[in-house]
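Reading through the structure tokens given below for one structure.
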Amino acid sequence: MVHPSEGERPLNHGDITSAGVWLTWRAAMERALYGEGGFYLRERPSRHFRTSVSASPAFAEAILRLLTQVDLRLDRPPRLDLVDIGAGEGTLVSRIHALAPPDLGGRLRITGVDLAARPPGLPEQIVWQSTPPTSVTGLVISNEWLDNVPLDIVEQTADGPRLVLVEVETGAERLGPPPGEADLAWLARWWPLRHIGQRAEIGRTRDEAWVAVLARMERGRAIAVDYAHPVDNRPACGTLSGYRDGALVAPVPDGSCDITAHVALDACAAAFQPCGGTSTTLTSQREALRALGITGTRPPLTLAHTDPGGYLRALARAAEEAELIDLDGLGGFGWLCQDVG
Ligand SMILES: C[S@@+](CC[C@H](N)C(=O)[O-])C[C@H]1O[C@@H](n2cnc3c(N)ncnc32)[C@H](O)[C@@H]1O
């Protein structure tokens with residue numbers, strides 16, 4: 001971290017100097033990921049990192065089972081929504097479209113929501129748009145969306161928290177002005193800073209993004225799946241990271257890599273203040289998927305003798321399931337489930 005020299009002109013939320021463009025991290029992420037020619041408007045995410053969706057079709061099958069449960073809870077409404085926020089390449093919605101039984105399929109309206117363009121080859125029955133539908137009855141799923149919602153970063157100083165500014169061309173950092181009132185209140189509640197030099201990622205933008213989705217739910221369940229950390233165990237140095245071509249790289253916000261930071265899902269959960277009856281659960285992907293029948297159990301060895309091909313297929317499937325529920329990997333992700341209505 002490079003600190004500003006004594007008497008240096010204070011920067012606002014962004015500035016252009018002869019050396020380069022300096023922005024708050026929130027503005028820099030917005031521009032790098034979703035601005036003109038931004039990473040997500042240009043790249044196929046699966047080229048750069050693996051998500052539960054790309055890791056195995058077992059994930060889509062589990063979400064379909066969940067959708068069936070939600071359908072029953074809603075007494076099988078005439079129109080059942082499945083909305084995937086941050087749908088990326090449309091893999092999850094395509095798989096569910098292909099797998100849905102006729103009884104469900106006839107009532108199902110599937111919508112992929114992403115700032116990226118409609119993926120080529122997506123079945124025409126699937127709606128693709130850049131904002132969530134205005135009214136949803138059914139299931140909303142967002143897998144690794146919130147970690148890509150831009151956010152600001154602060155560092156604690158002797159005078160309190162200061163926004164971290166970043167030079168977009170290099171990723172170099174320096175301190176800017178203090179955060180505003182709303183961010184300070186969020187920090188005090190969700191990420192208290194105790195030591196000079198400690199950093200925090202202000203998840204208020206994720207809370208707002210999540211609440212905006214829930215506000216569109218008539219009845220049903222909304223689920224956010226993401227890297228998460230709880231209020232009593234936030235990482236002291238933050239989690240901001242870059243990914244490119246399958247590798248972890250320095251988070252330089254020049255549009256050349258994904259930039260992500262883990263999600264305070266507990267804050268997202270609390271941000272939704274429902275007026276009707278709701279329930280909230282926050283659990284791990286391991287627990288959530290095991291409840292949906294994903295166990296990673298290997299096939300019996302006897303199958304290798306009676307049906308060698310079937311044995312190998314079942315073994316491969318067990319390995320995929322094991323990856324989805326591995327607590328040191330995807331299984332350690334948080335699942336925030338909120339029921340509305
Ligand atoms: C890490 S990718 C996840 C893709 C997919 N859900 C998966 O699990 O493979 C995050 C996606 O969220 C999308 N995204 C980010 N902010 C968004 C927003 N405000 N509205 C819609 N999509 C958004 C990005 O364009 C990107 O495709």
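Residues in region 74-112 that are of a type outside the set (S, T, N, Q), under 19 Å from the mean Cα position of the chain (by Cα) and within 12 Å of the ligand (Cβ to nearest atom): Val83, Asp84, Ile85, Gly86, Ala87, Gly88, Glu89, Gly90, Leu92, Val93, Gly112.
Okay, residues lined up against (1) farther than 28 Å from Ala172 by Cα; (2) of a type outside the set (Gly, Ala, Ser); (3) open to solvent by less than 20 Å² (accessible area, probe 1.4 Å):
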| position | (1), (2), (3) |
| --- | --- |
| Glu30 | no, yes, no |
| Arg42 | no, yes, no |
| Ala55 | yes, no, yes |
| Leu72 | yes, yes, no |
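Scanning region 245-275 for residues that are away from the ligand (no atom under 13 Å from the Cβ) and part of a strand (DSSP E or B), which turns out most open to solvent (accessible area, probe 1.4 Å)? Result: Leu248.
Of all residues in region 225-243, those satisfying the criterion of being closer than 18 Å to Val149 by Cα, outside any loop (DSSP other than H, G, I, E, B) and open to solvent by 40 Å² or more (accessible area, probe 1.4 Å) are Ala228, Tyr243. Of all the criteria given as (1) at pLDDT 95 or above; (2) open to solvent by less than 60 Å² (accessible area, probe 1.4 Å); (3) out of contact with any helix residue (DSSP H, G or I) (no Cβ under 9 Å at 6 or more places or on another chain); (4) not charged (D, E, K, R), the one not satisfied by Ile294 is (3). Being open to solvent by 40 Å² or more (accessible area, probe 1.4 Å), in contact (Cβ under 8 Å) with a residue 40 or more places away in the chain, among the polar types (S, T, N, Q) and farther than 30 Å from Glu169 by Cα is the requirement here; does Ser284 meet it? Here the answer is no, as Ser284 does not meet what is asked. Figure legend. Inter-residue proximity from region 155-171: first residues at pLDDT 95 or above, second residues among the hydroxyl-bearing types (Ser, Thr, Tyr), beta-carbon distance below 9 Å, spacing 6+ or different chains. Indicated pairs: Leu163/Thr24; Val164/Thr24; Leu165/Thr24; Val166/Thr24; Glu167/Thr17.
Scanning region 144-177 for residues that are within 16 Å of the ligand (Cβ to nearest atom) and open to solvent by 30 Å² or more (accessible area, probe 1.4 Å) yields a count of 1. Can you tell me which residue is nearest to Pro77 (Cα to Cα) among those in region 113-137 that are within 15 Å of the ligand (Cβ to nearest atom) and in contact with a Leu (Cβ under 7 Å, 6 or more places away or on another chain)? Filtering region 113-137 for residues that are within 15 Å of the ligand (Cβ to nearest atom) and in contact with a Leu (Cβ under 7 Å, 6 or more places away or on another chain), the one nearest to Pro77 (Cα to Cα) comes out as Trp128. Residues in region 64-96 that are in contact with a helix residue (DSSP H, G or I) (Cβ under 8 Å, 6 or more places away or on another chain) and either acidic (Asp, Glu) or assigned to a helix (DSSP H, G or I) (or both): Leu64, Leu67, Thr68, Asp71, Asp84, Glu89, Thr91, Leu92, Arg95, Ile96.
The values are calculated or read from the model by the stated rules, or taken from the named source; none is laboratory data. Note that the structure is predicted; figures quoted are calculated from it, not measured. We place every Cβ from the backbone using ideal geometry, glycine too, and count neighbours over all the protein chains shown. We work out accessible area using only protein heavy atoms, side chains counted, and drop any ligands, DNA or RNA first. Shrake-Rupley method; radii C 1.70, N 1.55, O 1.52, S 1.80 Å.
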